[in-house]
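The values are calculated or read from the model by the stated rules, or taken from the named source; none is laboratory data. What you see is a predicted model; the values in this text were computed from it and never measured. Each accessible area value is taken on the protein alone, full model and side chains, heavy atoms only, with ligands, DNA and RNA left out. Shrake-Rupley method; radii C 1.70, N 1.55, O 1.52, S 1.80 Å.
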Amino acid sequence: ETATAADDAAHASLSRALESFEANHALVNVYDDGCGILPHEDGPLYAPVVCVVSCGASRSMRFEPKRRRESMTMTRMGDEGRDLQALDALSSFEVCLPARSLLVFYGAAYTDYLHGIDDETSAEDARRDATSASRGPRVSLTLRRVLNM
């Protein structure tokens, strides 16, 4: 496979993000089959780099723009004075988390998006990771750096 300029830029960006990253916080979660976690942000107590090791069943992590959620709330509240199209400029996306995988997210994925895991495994996950059971528990090891410790 030939690396493109975009691949090279992504690798350089990841290298810079991990260069000074030293985890001082580890969290292990066990999610039963059919259980996920609502979209959330990790917040300002942590450095804006997250490393997630996934074991067990495959799942999809959904990234949803924070601003889209804000715009939906404002629409429900009847605030028509804001430019909601500008708030919706970012798109949601999913990342497959197969068994024995590592996901590192940082930058805009950390600051501009909420992340969560749906309660059910998507059919797309099962297709992308045919070697792993699509059902069953998932174990997640999350490594972060707590600031000001």
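Computed quantities for the displayed model
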quantity	calculated
Length released on extending from Ala9 to Asn24, taking residue separation times 0.36 nm less the Cα-Cα span	2.6 nm
Surface per residue (accessible, 1.4 Å probe) for region 1-67, Å²	59 Å²
